[in-house]
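The values are calculated or read from the model by the stated rules, or taken from the named source; none is laboratory data. Worth saying up front: this structure is predicted, and the values here are computed from it rather than measured. With ideal geometry, Cβ positions are generated from the backbone for all residues, glycine too; neighbour counts draw on all protein chains shown.
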Amino acid sequence: MIVIFGSINMDLVARVQRIARPGETVLSRRADSFFGGKGANQAVAAARVSHGGSVRVAMAGAIGNDPFGMACLKNLEENGVDTRAIRVTDEPTGCAFIAVDETGENAITVASGANMALRSADLPDSLLSRASVLVLQMEVPMADNLEVAARARRAGVKVAWNFAPVPAVKERSTMAELLAVTDILVVNEHEALSIAGIVGEPSGEDYLKAGSAISRSFGPTCIVTAGSRGAYAIAAPDGAQIHARARPVTPVDTTGAGDTFVGVLANGLAEGLEIGRAMERACAAASLSCLTAGAQAGMPQRGALEQHLDQA
Ligand code: RIB
């Protein structure tokens, strides 16, 4: 089983010619709402490719007692995610305000709401102990993320931590604590450089050097996603590198591509694939997810992903 401990948002999305600069207003024809939140996106990505396989997906999260929250819960259920550890709180459901430009790039502001009410205790031991992989991100309270990760490690559950988004507060001690309880760290280029800087291993613009330093100094396998260049895994103790290529696509919307990668990677790990193969599937799924507007709409089902991989 894969357990995701993380955020649930409703995404309010405006397509713009170009993303507004500070102090500027740009017009968009309309706003659309999509299901989002890094945790929920990763849960849906994992559930779609797990469907028809042996792995189940459960999520612990927090929503508000409001129409957004109820719609998000129903969406997770319809995607086959076990939602028994999702708590309805007094806070409003998380909301993300997203501008997507003509090239598919985005700028996101998250109003966290209920996500900050999520607690380690919301994930019962009975559920955690059934997991083979726990997946975390950075949109819920850090102390609870760390506590859940430590519980998972004690229970022999593999911890995959997606360090996104980069938090405003960057303390070396907290980062060292996070890396000490992580088996697989998934970061993009920018996040890799940011962590390396926090832990005193500045790496300039070299994200592979950053990934190597993180892995060497703290032990986790570090997977750096690099958009159209695919993804790299760097493993301690010798810094051995594995590269998975990305298939070229013309993106419509890159929102949720990283989450698709993480969810499909978790499925591969839970199904016992070796890491290079799991990354290859995750890269292919992330590319497919960019072809449709919205974070979750383009995430492939298992059959579509397999067909795509066979054709390539
Ligand atoms: O990674 C994309 C997600 O980030 C969006 O769905 C949005 O909700 C924010 O959490």
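Numerical summary
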{"item": "Residue among Glu280, Glu306 that alone is over 20 Å from Ala107 (Cα atoms), in a helix (DSSP H, G or I), touching a residue at least 12 places away in the same chain (Cβ under 8 Å) and of a type outside the set (S, T, N, Q)", "result": "Glu280"}
{"item": "Selection count, the stretch 255-301, where residues are over 25 Å from Ser33 (Cα atoms) and not β-branched (Val, Ile, Thr)", "result": "19"}
{"item": "Enumeration of residues in the stretch 153-167 that are touching a strand residue (DSSP E or B) at 6+ places or on another chain (Cβ under 6 Å) and closer than 15 Å to Gly39 by Cβ", "result": "Val159, Ala160, Trp161, Asn162, Phe163"}
{"item": "Sole exception among (1) within 16 Å of the chain's Cα centre (by Cα); (2) surrounded by fewer than 18 Cβ atoms within 10 Å (Cβ to Cβ) for Ala257, by number", "result": "(2)"}
{"item": "Number of positions in the stretch 113-147 that are on the phi < 0 side of the Ramachandran plot and in a helix (DSSP H, G or I)", "result": "17"}
{"item": "Any pair with Cβ under 8 angstrom, 6 or more apart, that starts in the stretch 35-47 at a residue that is part of a loop (DSSP other than H, G, I, E, B) and ends at one that is of a type in the set (Val, Ile, Thr)", "result": "Gly37/Ile8"}
{"item": "Qualifying residue in the stretch 99-115 (condition: among the aliphatic types (A, V, I, L, M), within 15 Å of the ligand (Cβ to nearest atom) and under 21 Å from Val3 (Cα atoms))", "result": "yes"}
{"item": "Matching residues in the stretch 5-54 - criterion: being crowded, with 23+ Cβ neighbours inside 10 Å, farther than 15 Å from Cys72 by Cα and among the β-branched types (Val, Ile, Thr)", "result": "Val13, Val49"}
{"item": "Of all residues in the stretch 283-297 being surrounded by 24 or more Cβ atoms within 10 Å (Cβ to Cβ) and part of a loop (DSSP other than H, G, I, E, B), the one that is farthest from the ligand (Cβ to nearest atom)", "result": "Gln296"}
{"item": "Test: Arg229 is among the basic types (Lys, Arg) and either touching a residue at least 40 places away in the same chain (Cβ under 8 Å) or surrounded by 16 or more Cβ atoms within 10 Å (Cβ to Cβ) (or both)", "result": "no"}
{"item": "Filter pass, Met116 being at pLDDT 95 or above and crowded, with 24+ Cβ neighbours inside 10 Å", "result": "no"}
{"item": "Top-ranked residue of the stretch 206-247 - restricted to ones that are in a loop (DSSP other than H, G, I, E, B) and either within 16 Å of the ligand (Cβ to nearest atom) or under 21 Å from the mean Cα position of the chain (by Cα) (or both), ranked as farthest from Met279 (Cα to Cα)", "result": "Gly219"}
{"item": "Residue check for Leu27: farther than 16 Å from Gly256 by Cα, away from the ligand (no atom under 13 Å from the Cβ) and assigned to a helix (DSSP H, G or I)", "result": "no"}
{"item": "When residues of the stretch 83-98 are limited to those that are in contact (Cβ under 8 Å) with a residue 40 or more places away in the chain and in a strand (DSSP E or B), the one farthest from the ligand (Cβ to nearest atom)", "result": "Arg84"}
{"item": "Scope the stretch 266-302; condition out of contact with any strand residue (DSSP E or B) (no Cβ under 7 Å at 6 or more places or on another chain), of a type in the set (Gly, Ala, Ser) and more than 24 Å from Val100 (Cα to Cα); matching residues", "result": "Gly268, Gly272, Ala278"}
